[in-house]
Structure formats: structure tokens, C-alpha cells
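Below is one structure; the comments refer to it alone.
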Amino acid sequence: GGMLAAVLLLLLPLAAGPGRAGAGRAQRDALREELLLSPLPAGDVAATFQFRTRWDADLQRGAVSHYRLFPKALGRLVAALGVRELHLALTQGFWRTRAWGQPPLQAPAGAELWVWFQPTVTDVDKAWKELSNILSGIFCASLNFIDSTNTVTPTASFKPLGLANGTDHRLLRYAVLPREVVCTENLTPWKKLLPCGSKAGLAVLLKAERLFHSSYHSQAVHIRPVCRDASCLAVSWELRQTLTVVFDTFSSGQGKKDWSLFKMFSRTLTDACPLASQSKVYVDISPKNKEKELLEVTPPPASVHEAIVQGDKRTYAVYDLLSPSLFNTSRSLNVQLKWKRPQDSSELLTPILHAQRYVSGYGLQTGEISTLIYNTHPYRAFPVILLETVPWYLRLYVHTLTIITKGKENKPSYIHYQPAQDRRRPHLLEMLIQLPANSVTKITIQFERALLKWTEYTPDPNHGFYVSSSVLSALVPSVIAMKDVDVEQSPLFTSLFPSSDGSSYFVRLYTEPLLVNLPTPDFSMPYNVICLTCTVVAVCYGSFYNLLTRTFHVEEPSRGGLAKRLANIIRKFRGVPPL
């Protein structure tokens, strides 16, 4: 009896413990997962996944030892290197803003990394180098190639997206690797950071062979400190893992403009992630030009959500995976999108802000970089911050910088230029330019190509050298006045960029990366020289060696064979001289 009582006393705390701990943890960390399906013009469709882990803990003081939902690898990284904000994106393809509209989250082609460090970090460059090397190992990417030759410190762009006491730009580092190729080895570690992995919830749809059989793919990680509540007396840490993919009718092989989850991902949704406090699928069913709806979704959504996203009123069909009634009728959810009538090309709305960039000129000595920025708003002008990062081997002539709008010179109200140093740092050019209403602004600057050392060329030098995308940051005027909404109640795709006021919304756009040819030596010539030289050396050396080492012997006349001896014996008897 005494033994049984002792065992019961031991089990009672264990039975009560997980409940209490679970209640405490529920307040400390929470996971929200979300999928947004956005039909694009010409029958394409964009799918944007967002997984947000919010943790009410102070990572900076290093007092955290137990990790539940927040990935330990990233939490230890933030604490050890004094990271205040971290944004990493790995992208394959280019988001065509003019045809597809403004993206929820855009990133440049290749790998992009920008980080704000804490003021307590004494050697920012050393921490930046360590950080890029660690992230390179975590995400199996070539981020270890980030060094001083492709790192800049912007002064006006890339302000913190989370809480910030001050914005000393010396604590910011920004780098892009435009040649980085994104594939399954980068997706797998990204999925492993999710609390449910790819075993349950929306992450079940992340099938690599379908995601990379698309025209655009971008995966990102955003870590930032946010307010814990409305009073903002305490800080929480937010991790957002986002993935955007665009499926088009040609790459899918379907040939039709009707879509479904199974057609896109070869899978359907069967349940929500058990650790998620919210799991929803949003489908953009906004009517175009206030006419009859173009899009029909099945099964019928249980609810409809209206929001003002990027200055425009949007309507979304909402499927709540945590709702018990969703999986009552069928065991899986396969959202289907069908167009009621074909879209007319005249209905396609051009984005208010978009840009393009190209290289002009001839020959391999000089050239010109041209950037076109479009403001299609009929009556509102607004400023835009342009960030240009150009490698050191393109030597910019800053006196040739011209900004032309509507045939007149447009002087920037702010300009910051940091010249490059050969093999040490790139050019950095930042400008604040006013864009008049309904205008095109052309920015041109001339450059001269440098001669590299023969060891500095890539293995495929005739392919060319990449110049990273230009970055445009702007507060674009909103068509409809936006109201202040509760971040926790609104969808995740509306709350990454903090809105300043109700009359405008923040947009960050990237132009195309550039491919520039440099003067390239004939790398086949050494091969020809080596072959010719080796042949000559082999022939000459072989002959001389043969002459110097051969020994000559005088050959004595042989006595002849048996037949000759017999003949001589016979000739001797006959008295004839021998042979």
C-alpha cells in the first residue's frame, strides 16, 4: 500500500505538468500557417505560403535553453552574433511585375541577404562574415561567397521592418549573389525548420518536383523583433518562412487555364499542422472592373474576407483547415479555380510603379546602364529611393549620370555615392527621385570595363558576369483609403511591411539582373601552346637522348651458316677459292 501511494504521488505532478506547461507555452509561442492563391493574367496562378512562428522570449540575453516551435539553429544564431533583423531570400526566375502585378513579396534573382545587427556588436564585418558562413551551411547555399567585393551598407534603403530604437546604417549589411542557383538542396533544410516539417498542414503541398517545375520560385526567411502586445512594453521574436511559386499553363503541360491544388502540387490537403493555432487557405476572387466575377472556386468557401491590399480592395475566399466542418464531407481539400469567361487583355491593370533595366553600347571597352521607372498614377507624384550596386570591374563615370523625365532633367533630392575599390568593394549609388504623375523616368550612367587577372575569371567566362538587380523602395499612393487593422486578425500576406498611414503603402521592387561581357582572353590558347610545346620537346628531347645514351658496336662478319660451310668444303676439294 505504501509503495502504491508513493507511485501515485510521483505520477500526479506528471499528469498535471504537461497541461500547465502546455498552457504556459501556448502563450509563449504560436504558429500560423497560410496559403494564398492568386490568379494572374494569361491564366497563370501564384501560390504564396507563409509560416509565422512568434515567440515571447528574449533571444538576445541568451537565457533561452528550451526551443519548441522556433528553430534552435536560427535562435542560437540570433543570440550568438547579435542579430537584430535577418532577411534571406533564395530565388529562381524573375517576377514580371508589369504582367503579373505587384507581388506580395518580391526578391531578386539569386540569393539576397540583408541583416541589421545590435548596437552592442563591435566588429560588424566579422559578425557579417560569420553569419553568412553559418547560413551557408544551414541552407546548403553558396552564401560563403559573400565578401567585401559584393557587400554594401545602404544609407536610405532597407530600413528595419521590426522594432528599432535607432537606425544607424553602419549596423546594416546587404549583399546579393545573382548567380546563385536554387534547387532541392536549399528547399529541404528550409522545410526542416518548420515545426511540422513537410509531414502535416500546408507544407504537405511542398513537393520539390512540382515547385521547381515552374516559371518563378522564391523561398525566404525573415526574423525580426515585434511588439508583444498593443502597449509594446515587451518584445517578441517573429520568424516568417515564405515561399512563392508561379505556375504557368505552358510549363504545367495542362494547356488549360483551370487550376486545382492537385494540378499544381500533385497533392491535396488532408489536415492542419497540429501545432498551428491558425491554418487557412485564401483564394483571391476579386472581381475585375466591378463586373461579374471571373473566377469560380469549388468547394464553396465557408467565409469570405475583404481587405485592402496594396492600395486595392480585394475579396478572398477563405478555407479554415482547423474548422471541423471542412473535412466532414470529404477527407481531403482540393480547391479548384475555374474561369467563367476568358479575360480580355484590355482588363489587365498596369501596376502604378514598375521598372526595367538594360545594358547598351557596343564593343568591350565602354557601355551604359539604363533604368526606366514608370509611374502610371494619373494625378499623384511620389518619391522613390533607387539603390544601385555595381561590381568594381565596371568602372562607373559618375559625371555621365543623367536623369530625364518627360524630356527634362530631374535632379535627385538626395544622392549618396560610394566609389568602388578594385578587388575590395563595389560601387554603391543611392538616389531619392521624384516621379511625376503618369511619367517615365530614365536614368543612365556610363561605365568602362576593367581587365581582370586571368585567375579571376569564372570557369565559364564567355557566359558573362552578372550585375545584381536595382532596388526600388517607395510609398505608393493608395487608390482606396486603408484603415488600421489588428495584425493578429488580418492575413499574414498583409502584415509584413508596416504601413505608415492610410493613404499609401510600401512597395519594394527589383529590376532584372544584368549580364555583362568583359574582355576575355582566349583561354584555349594556353592549351594549344602546351600541346605544341610538349610535341616539340618530346621529339627534340627524344632524339638528343637517343644520340647521347646509345652505344655503338662494330659488328664482326659472321662465319656463315651450315649451307655456306658445306659449299666452302666442296669448293676446297675442287680447288676453287672459298666464298
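The values are calculated or read from the model by the stated rules, or taken from the named source; none is laboratory data. Note that the coordinates shown come from a computational prediction; the quantities given were computed from them, not determined experimentally. So basically every Cβ, Gly included, is an ideal-geometry build from the backbone, and we count neighbours across all protein chains shown. Quick note on the areas: whole protein, heavy atoms, side chains included, nothing else; ligands and nucleic acids left out. Shrake-Rupley method; radii C 1.70, N 1.55, O 1.52, S 1.80 Å.
Working from Cα positions, state the angle (0 to 90°, nearest 10) between the long axis of helix 525-549 and the longest principal axis of the chain.
30 degrees
For each pair in LYS207/LYS340; LYS192/LYS263; LYS263/LYS340, compute the distance between the two Cα atoms and list the pairs where it is over 22 Å. Can you show the working numbers first?
Details: LYS207/LYS340 29 Å; LYS192/LYS263 25 Å; LYS263/LYS340 19 Å.
Flagged as over cut-off: LYS207/LYS340; LYS192/LYS263.
When ligands, DNA and RNA are left out and all protein chains stay put, how many square angstrom of accessible area per residue does the chain have with a 1.4 Å probe?
51 Å²
Please label the shape of the chain as rounded, prolate or oblate, based on the square roots a ≥ b ≥ c of the eigenvalues of the alpha-carbon gyration tensor (a/c under 1.5 means rounded; beyond that, a/b larger than b/c means prolate, else oblate).
prolate
Calculate how steeply helix 124-139 sits against the longest principal axis of the alpha-carbon atoms of the chain, using the helix alpha-carbon long axis, and give the answer as 0 to 90 degrees to the nearest 10.
That helix lies at roughly 80 degrees to the long axis.
Using only the heavy atoms of the protein chains and a 1.4 Å probe, how would VAL235, VAL121, VAL554, VAL304 rank by accessible area, largest first? Provide the component values of the computation, followed by the final result.
Details: VAL235 65, VAL121 25, VAL554 140, VAL304 90 Å².
The most accessible residue leads, giving VAL554, VAL304, VAL235, VAL121.
May I ask you to derive the FRET efficiency for SER413 and VAL226 from their Cβ-Cβ distance with R0 = 41 Å, giving the value to the nearest 0.05?
In this case the efficiency is close to 0.80.
Which aspartates and glutamates have a Cα lying under 20 Å from the Cα of LYS338, excluding residues fewer than 8 positions away in the same chain?
ASP44, ASP248, ASP258, ASP284, GLU291, GLU293, GLU296, GLU347
Enumerate by residue number the chymotrypsin sites (Phe, Trp or Tyr not before Pro) in segment 366-475 meeting two conditions: DSSP loop (anything except H, G, I, E, B), and at most 10 other Cβ atoms within 10 Å of the site's Cβ.
TYR379
Helix-only mean residue ellipticity at 222 nm, the chain, DSSP H runs n ≥ 4 weighted -39,500 (n - 2.57), per residue, nearest 500. What is it?
So the helix-based figure for the chain works out to -6000 deg cm²/dmol.
Per residue of segment 440-446, what does 6.51 cos²θ - 1.76 cosθ + 1.60 with θ = phi - 60° give for ³J(HN,Hα)? Whole Hz please, x for Gly and Pro, Karplus curve as stated.
Listing the rounded values in order: 10, 10, 10, 10, 10, 8, 8 Hz.
Do any cysteines in the chain lack another Cys Cβ under 4.7 Å, and if so which?
Among the cysteines of the chain, those whose Cβ sits 4.7 Å or more from every other are CYS140, CYS183, CYS531, CYS534, CYS540.
Please calculate the 1.4 Å probe accessible area of ILE415, with all protein chains present, and give it to the nearest 10 Å².
For ILE415, the solvent-accessible surface is approximately 90 Å².
Could you work out the relative contact order of the chain, using alpha carbon pairs under 8 angstrom and six or more residues apart, expressed as a whole percent?
Averaging sequence separation for qualifying contacts and normalising by length gives 14 percent for the chain.
With θ taken as phi - 60° and the coefficients 6.51, -1.76 and 1.60, list the Karplus ³J(HN,Hα) couplings across segment 65-75 in order, rounded to whole Hz; mark glycine and proline as x.
10, 10, 10, 10, 9, 6, x, 5, 4, 6, x
For ARG52, ARG210, ARG424, ARG28, give the ranking by accessible area with the largest first, probe 1.4 Å.
In descending accessible area the options line up as ARG424, ARG28, ARG210, ARG52.
Given R₀ = 60 Å, what would the calculated FRET efficiency be for ASP147 paired with LEU547, taking r from the Cβ atoms and rounding to 0.05?
It comes out at approximately 0.60.
Using a 1.4 Å probe over the heavy atoms of the protein chains, calculate the carbon and sulfur portion of the accessible area of the chain as a whole percent.
57 percent
Once you put a point 7 Å from the Cα of PHE262 and another 7 Å from the Cα of ASN462, both along the Cβ direction, what distance in nm separates them?
4.9 nm
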